[in-house]
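Peer 1: I'd like to ask some things about the structure below.
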Amino acid sequence: MLSLLLLSGLTACGEKSTSQATLDEAVAQVESTGLFEAAKAYEGKLNELLTLEMAAQTMGFPAEEADIDYNTVMSNPSFHSLNYTWDRGRTRPMTVANMTVHVPDLDRLELSGIQEISRDDFQFQYRVLTPQEIEQSNQLMKDALQDRVEKGEISQEQASLAGGLGQELAGNQVREVLTEVGESATWMPEDGSLYVYQGGLMFRLSIDQDQKPEVLRQKLIVLAGKILDKL
């Protein structure tokens, strides 16, 4: 309705020279502001945007068995996160002091990263990276670590360890652009994250569950649609 009023108002004022592209941009700006304002209503109340019942249905676990962790340590709402976890007895190996132990591996569903962003910025930040971009990122990280070694801030051993972890993270940047939800979306299977853009707003859903990546992706697509329906 607001976008229609804007369009009719420009016409009534004799703005016949305004291009269709400019009108489209103005309408999009009004609509995106409305969606962002709608999302701001959930600041500090992410549990109303992604309810326990929605999380339990997505994961397929009883709601009463979930633990809830609402992180609002940072004052900026874009850093707030809501985690629902279930201890279903899963474990994962961890090496400590040359010993391998098995630690709990919780099933988890998270909502985070709600912020205002343009569509162009979203599509650039969450585009499919080329091998060259990944290699460039790795080299920049290596150079930064070596600089810290030369300044005496860290040891060469620490730099090597951090570099190895960084390369592992870079290898996890496999991305798949989706069209099934929002105006734009990107799925990162290695860390089970779905980034969704709609009308000037983005958010992140992350899932950790012992299921195939394509199953987890579909779960988050459905859940993201439900969240957008609330805005």
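The values are calculated or read from the model by the stated rules, or taken from the named source; none is laboratory data. Since we're looking at a predicted model, the values are computed, not measured. Don't worry about glycine lacking a Cβ; one is built from the backbone with ideal geometry, like all the others, and counts go over all protein chains shown.
Peer 1: With the requirement that a residue be β-branched (Val, Ile, Thr) and either in contact with a helix residue (DSSP H, G or I) (Cβ under 6 Å, 6 or more places away or on another chain) or within 14 Å of Asp210 (Cβ to Cβ) (or both), what does the stretch 86-102 give you?
Peer 2: Selection gives Thr91 alone.
Peer 1: For Leu145, state whether it is out of contact with any helix residue (DSSP H, G or I) (no Cβ under 9 Å at 6 or more places or on another chain), assigned to a helix (DSSP H, G or I) and not assigned by TED's automatic domain parsing to the domain that holds Lys219.
Peer 2: Answer is no for this residue.
Peer 1: Would you check if Thr72 is surrounded by 11 or more Cβ atoms within 10 Å (Cβ to Cβ) and of a type in the set (Val, Ile, Thr)?
Peer 2: So Thr72 fits the description; yes.
Peer 1: Could you list all residues from the stretch 93-141 that are surrounded by 15 or more Cβ atoms within 10 Å (Cβ to Cβ), hydroxyl-bearing (Ser, Thr, Tyr) and in contact (Cβ under 8 Å) with a residue 60 or more places away in the chain?
Peer 2: Ser112, Tyr126 - these are the residues of the stretch 93-141 that are surrounded by 15 or more Cβ atoms within 10 Å (Cβ to Cβ), hydroxyl-bearing (Ser, Thr, Tyr) and in contact (Cβ under 8 Å) with a residue 60 or more places away in the chain.
Peer 1: Which residues, counting only those in the stretch 34-51, are part of a loop (DSSP other than H, G, I, E, B) and modelled with pLDDT under 90?
Peer 2: Residue satisfying the conditions is Ala41 alone.
Peer 1: Moving on to the next point. Scan the stretch 189-201 residue by residue and report those that are under 14 Å from Leu220 (Cα atoms), of a type outside the set (Gly, Ala, Ser) and outside any loop (DSSP other than H, G, I, E, B).
Peer 2: Scanning the stretch 189-201 gives Leu194, Tyr195, Val196, Tyr197.
Peer 1: Now for a separate question. Could you tell me which residue of the stretch 89-127 is nearest to Met188 (Cα to Cα), considering only residues that are in contact with a strand residue (DSSP E or B) (Cβ under 6 Å, 6 or more places away or on another chain), in a loop (DSSP other than H, G, I, E, B) and not acidic (Asp, Glu)?
Peer 2: Checking each candidate, the answer is Tyr126.
Peer 1: Could you tell me which of the residues Ala144, Ala185 is within 30 Å of Gly225 (Cβ to Cβ) and at pLDDT 80 or above?
Peer 2: Testing whether each residue is within 30 Å of Gly225 (Cβ to Cβ) and at pLDDT 80 or above leaves just Ala185.
Yes/no matrix, rows are residues, columns are (1) in contact with a Ser or Thr (Cβ under 7 Å, 6 or more places away or on another chain); (2) of a type in the set (Val, Ile, Thr); (3) surrounded by 13 or more Cβ atoms within 10 Å (Cβ to Cβ); (4) within 26 Å of Gln209 (Cβ to Cβ):
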{"position": "Asn47", "(1), (2), (3), (4)": "no, no, yes, yes"}
{"position": "Gln57", "(1), (2), (3), (4)": "no, no, yes, yes"}
{"position": "Gly60", "(1), (2), (3), (4)": "no, no, no, yes"}
{"position": "Glu64", "(1), (2), (3), (4)": "no, no, no, yes"}
{"position": "Ile68", "(1), (2), (3), (4)": "no, yes, no, yes"}
{"position": "Ser78", "(1), (2), (3), (4)": "no, no, yes, yes"}
